[in-house]
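K.L.:
Have a look at the structure that comes next, please.
The values are calculated or read from the model by the stated rules, or taken from the named source; none is laboratory data. Predicted model, so just to flag it, every value in this text is computed and none were measured. Note: ideal-geometry Cβ built from the backbone for every residue, glycine included; neighbour counts use all protein chains shown.
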C-alpha cells in the first residue's frame, strides 16, 4: 500500500502481532456466537451513519461447544484468516460460519468503500461472480428431475448452433462438469452484444469448442451460459426469472438479485469493488453509483447476494435438497451432482475436483455421504459446505483476492476435520 493510500484510509493505529491489533486493523464486528455492532469508538475506526443490517434467518449458538465445535478451533480459524487478510492488505470482507444451522461466527471486517471511509457491514450485498454457477446448475438438475431434460442429451437438441461439427458432440453433462471443450475467455466477437442469452450461446456454438468435447476439464463461463440458454429454451422464460421463481423465492433469498442499478433500494448495501495489480495495493474499479452493464443475465456470474442468502442455499444442499417444508431437489439428484466429480486439474489446488457445477474439496466422510463442496467467485467470494459436520462457511469480499479464499478453504477443512 503506497503512502497516499495510507493517508487516505488508515488501516491500523496499533502494532500488528496480537489479536486486538488484527481486530483494529480490519474493523471487526460480531464475535463468536455474538451479534454485536461495529464499534466506531475503537482507535482507527471511522465514524459513519451506516449501520450493519442483521435480520438473521439463523439462530446464534450460545457457545461453539453447544454445536460440537471447539472454541479454540474457531479462534485459530479467525486468527489464520485475519493474519492473511492483513498481510494481503485486503479492503473488506464478511465471514459467516454455521454449524447445525446455528451461527458460530459472523463478522464484518475492513471497508465497504475505503476511499469514502465506509466500513463493511454485516449482511452486505456482494457481487458474487462465479458463485452464481451452482444456481444455474441447480436449475438444470430441476429440469432433469422433471424429465424435461437428459444429462446425456446433446445440447443441439435445444440450441440450433450446437447441432454441427464438434459442438454437436457436446452434452448437457459436458457443460455441467466443464468438459465441453470451451475455454475460459473464449467468447467469440460480439458475444456480449447479443440481444439475448440464447443468441449469445448460439454464437458460441457456431464458433465451436477449442478442444474435443469430453476430452479434458477446462473451466469456462461459456458452459454456464449455454446451460442457462437451454433452461430458457425449455421453459420459455429467461433463466434469471426461472432462478428467482424456483430457487430464490422458495428459499427466501430476498437479498439475492439478478440485476443491479444505482436506483435500487438495496444499492447502499453493496460494497465498492477493488482490484490489485501487485497483490498488496488495491484500487477501486467499481462502486454502486455506477450501473452493472449487461444486456442479459449471465448465469456464469451476474448474481448479487448476501452471506445469509448463500448460507440458505448451501444448507438446502447439505440437507439433501430439503428446506423447511419444501424441497429443491430429490436427495438422489444432490448425491449424483457430487458423487463422481472429475479432476479439476486446471483450477487452484484446493479445488481438487469438480462436480455438476460445484467445486469439490474432499471425499465423502462416509459411504453414500456428501463431500465438502462449494464455489468461489473471481471477486474474492466463497461459499462452501462440510456436510459431514453440518457446517456452512461463506466468505465474501470486495477485493479480487484468490489467495485468501484458498486459505479459507484450507482452514475450514482443517477446522472441521475434512
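K.L.:
Which of the numbered conditions does residue 378 fail, given that it passes all the others? Conditions: (1) over 23 Å from residue 105 (Cβ atoms); (2) buried (at least 24 other Cβ atoms within 10 Å of the Cβ); (3) under 15 Å from the mean Cα position of the chain (by Cα).
P.N.:
Result: residue 378 fails condition (2) only.
K.L.:
Additional query: Would you pick out the residues in region 323-342 that are surrounded by fewer than 19 Cβ atoms within 10 Å (Cβ to Cβ), at pLDDT 95 or above and under 25 Å from residue 396 (Cβ atoms)?
P.N.:
The one that is surrounded by fewer than 19 Cβ atoms within 10 Å (Cβ to Cβ), at pLDDT 95 or above and under 25 Å from residue 396 (Cβ atoms): 323.
K.L.:
Quick check on my filter: what residues within region 362-378 are assigned to a loop (DSSP other than H, G, I, E, B), more than 16 Å from residue 335 (Cα to Cα) and modelled with pLDDT of 95 or more? Walk me through how you get there before you give the answer.
P.N.:
Just the residues of region 362-378 that are assigned to a loop (DSSP other than H, G, I, E, B), to begin with: 362-372, 378.
Right, trim to more than 16 Å from residue 335 (Cα to Cα) and you get 378.
Result: no residue meets the conditions.
K.L.:
Further question on the same structure: Please tell me if residue 345 is surrounded by fewer than 24 Cβ atoms within 10 Å (Cβ to Cβ), closer than 25 Å to residue 379 by Cα and modelled with pLDDT under 95. Before the answer, list the steps.
P.N.:
Numbers: surrounded by fewer than 24 Cβ atoms within 10 Å (Cβ to Cβ): yes; closer than 25 Å to residue 379 by Cα: yes; modelled with pLDDT under 95: yes.
The answer is yes for residue 345.
K.L.:
Also, I was wondering about something else. Go through (1) farther than 29 Å from residue 59 by Cβ; (2) in contact (Cβ under 8 Å) with a residue 40 or more places away in the chain; (3) not in a helix (DSSP H, G or I) for residue 240 and report which single condition fails.
P.N.:
(3)
K.L.:
Scan region 58-66 and tell me whether some residue there is under 30 Å from residue 289 (Cβ atoms), buried (at least 16 other Cβ atoms within 10 Å of the Cβ) and touching a strand residue (DSSP E or B) at 6+ places or on another chain (Cβ under 7 Å). Lay out the reasoning, then the answer.
P.N.:
Here is the first cut: in region 58-66, the ones under 30 Å from residue 289 (Cβ atoms) are none.
Looking through region 58-66, none of the residues is under 30 Å from residue 289 (Cβ atoms), buried (at least 16 other Cβ atoms within 10 Å of the Cβ) and touching a strand residue (DSSP E or B) at 6+ places or on another chain (Cβ under 7 Å).
K.L.:
So, in region 140-167, how many residues would count as being touching a strand residue (DSSP E or B) at 6+ places or on another chain (Cβ under 8 Å) and farther than 19 Å from residue 199 by Cβ?
P.N.:
Going through region 140-167, the residues touching a strand residue (DSSP E or B) at 6+ places or on another chain (Cβ under 8 Å) turn out to be 151-155, 162-163.
If we keep only those that are farther than 19 Å from residue 199 by Cβ too, we end up with 151-154.
Matching residues across region 140-167 total 4.
K.L.:
Moving on to the next point. Looking at (1) under 21 Å from the mean Cα position of the chain (by Cα); (2) touching a residue at least 12 places away in the same chain (Cβ under 8 Å), find the lone condition where residue 245 falls short.
P.N.:
Answer for residue 245: the failing condition is (2).
K.L.:
Filter region 381-403 for residues that are over 19 Å from residue 313 (Cα atoms) and surrounded by 23 or more Cβ atoms within 10 Å (Cβ to Cβ); which is modelled with the highest pLDDT?
P.N.:
Start the filter on region 381-403 by keeping residues that are over 19 Å from residue 313 (Cα atoms), which leaves 398-403.
Checking which are surrounded by 23 or more Cβ atoms within 10 Å (Cβ to Cβ) leaves us with 398-399, 401.
Details: 398: 96, 399: 93, 401: 82.
Step by step, filter region 381-403, then rank; the result is 398.
K.L.:
Quick check on this structure: which one of 312, 295, 275, 290 is closer than 30 Å to residue 193 by Cβ and outside any loop (DSSP other than H, G, I, E, B)?
P.N.:
Values: 312 fails: closer than 30 Å to residue 193 by Cβ; 295 fails: outside any loop (DSSP other than H, G, I, E, B); 290 fails: outside any loop (DSSP other than H, G, I, E, B).
Every option except 275 fails the conditions.
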